[in-house]
Amino acid sequence: MESSRIALPIGTALDRFIKNNQFQFQYASGELSQLLRDIALASKVVNREINKAGLIDIMGPMGSQNSGGEQQQKLDVLANIRFTRALTKGGEACALISEETESYVDLNNEGRYVIAIDPLDGSSNIDVNVSIGTIFSIYRRVSPVGQPIQDQDILQCGAEQVAAGYILYGSSTMLVYTTGHGVNGFTYESTLGEYVLSHPDMTMPERGRTYSINEGSANSFSSAVKGYVQFCKDENYTARYIGSLVADFHRNLLKGGIYIYPATAKDKKGKLRLMYECNALAFIAEQAGGKATDGKTRILEIKPESLHERTPFYVGSKAMVEKAESFN
Ligand code: AHM
Ligand code: MG
């Protein structure tokens, strides 16, 4: 993994870090840097709103449904508005794919980037003060700038991502991202209003002793998944399942572990969305030395056929993902 030209110390502000590492990006135009800043800014606004949840009327169901027919929470909708607004004003993005909207949003034909985002992931945890997250992927558009957006711009493989990241609204708020040159984590310092470098060059342990899977659905797992879960128990692994993908992923990134959302008898492709949940985390996992597959195929090589496509998801420490795959 390449490190930055000048290794910046812990405590460096995100803006400075982005600027310092801009040279690594093959299109060193500053637009990607601006996009990352736009996303970071919107996340600060979302963070403020999450922290107010309970005090004002922003908790609970919205009374509407998202692209997957799931109940939208008020904060889901609010977060979607915040990110959409920041990316629209920024001008660098030509299209936005979001969990919250049925089709993509056409932003600005002059923009060079396509963004896929889950503005607020972990819906079931929003109302109960448990960690939630934002997940984003950034792609270069394929069609010429100035032309209307085409399918080839939208339905790109995860391997085409130029940057990806997540924000974890947890015991502290963190932004973790990669531009394909390693993974760096920033903690939000609320008194300064800045993300500061707290986790430089993050790497995922080769193996760990934690497995994360919703065992409540065990009756509908395949015999391969049941077999792997039994293996984890035989090895006395620890079970940890928050039910917020970003939080479960982040723990495994730091400490080693595996997260699985498998196909089930009811959901043949699992629950998670390829384009705005799995691809970003797969990119980060690989950049940190981990692995992400659908149980067989590398996530980043799956060619999406539709915006809200689902995929089984195995992600985490490389040796653990490979062990889980060996049961298939
Ligand atoms: P969401 O997009 O509706 O929030 O669903 C995604 C979430 C993930 O964060 C989490 O890992 C998973 O759904 C939990 O699902 P389940 O309750 O079925 O285990
Ligand atoms: Mg989600």
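Read-outs: derived from the displayed coordinates by stated rules, not from any lab. All values reported here derive from a predicted model rather than from experimental measurement. Cβ placement follows ideal geometry from the backbone for every residue including glycine, while neighbour counts extend to all protein chains displayed.
Over 19 Å between Cα atoms: which of Lys255/Lys291; Lys226/Lys255; Lys226/Lys323; Lys268/Lys291 fall into that group?
Lys226/Lys255; Lys268/Lys291, as the Cα separations exceed 19 Å there.
At Glu160 and Phe327, where each label point lies 7 Å from the Cα along Cα→Cβ, what is the point-to-point distance in nanometres?
Once both label points are built, they end up 3.5 nm from each other.
Net charge near Tyr166: determine it from the other residues with C-beta under 11 Å of the C-beta of Tyr166, scoring Lys and Arg +1 and Asp and Glu -1.
-3
Towards the positive end of the charge dipole of the chain, with charges on Cβ (+1 Lys, Arg; -1 Asp, Glu), say which of Ile115, Met174, Asn236 has the farthest Cα.
Value: Asn236.
Kindly provide log₁₀ I(q)/I(0) values, in the same order as q = 0.07, 0.12, 0.14 Å⁻¹, from the Debye equation applied to equal alpha-carbon scatterers of the chain.
Rounded to two decimals, the profile gives -0.26, -0.79, -1.11.
For Arg209 and Ser103, what is the calculated FRET efficiency with R₀ set at 30 Å and r taken between the beta-carbons, to the nearest 0.05?
Details: r = 43 Å, r/R0 = 1.43.
Once rounded, the FRET efficiency stands at 0.10.
Which lysines does Lys52 reach when only Cα atoms under 27 Å apart count, and residues fewer than 8 places away in its own chain are ignored?
Lys44, Lys74, Lys89
Using r as the Cβ-Cβ distance of Ala319 and Asp127, and R0 as 41 Å, what FRET efficiency do you calculate, to the nearest 0.05?
After rounding to 0.05, the efficiency reads 0.65.
Taking 0.36 nm per residue of sequence separation and subtracting the Cα-Cα distance, how much length would be gained by fully extending the chain between Ser143 and Arg16, in nm to one decimal?
Length difference between fully extended and current span is 42.6 nm.
What residue among Tyr166, Tyr237, Tyr195 shows peak mean-square fluctuation when the chain is described by a Gaussian network model with Cα springs under 10 Å?
Tyr237
Mean-square fluctuation check for the chain, GNM, Cα pairs under 10 Å: which of Glu309, Glu235, Glu301 is largest?
Glu235
Across 5 Å bins from 0, what is the distribution of all Cα-Cα pair distances for segment 14-199, in whole percents?
Calculated over all Cα pairs of segment 14-199, the distribution is 1, 8, 17, 20, 20, 16, 10, 5, 2, 0 percent.
Specify which residue in the list Phe221, Met204, Ala163 is farthest towards the positive end of the charge dipole of the chain, using unit charges on the beta carbon of Lys, Arg (+1) and Asp, Glu (-1), about the Cα centre.
Met204
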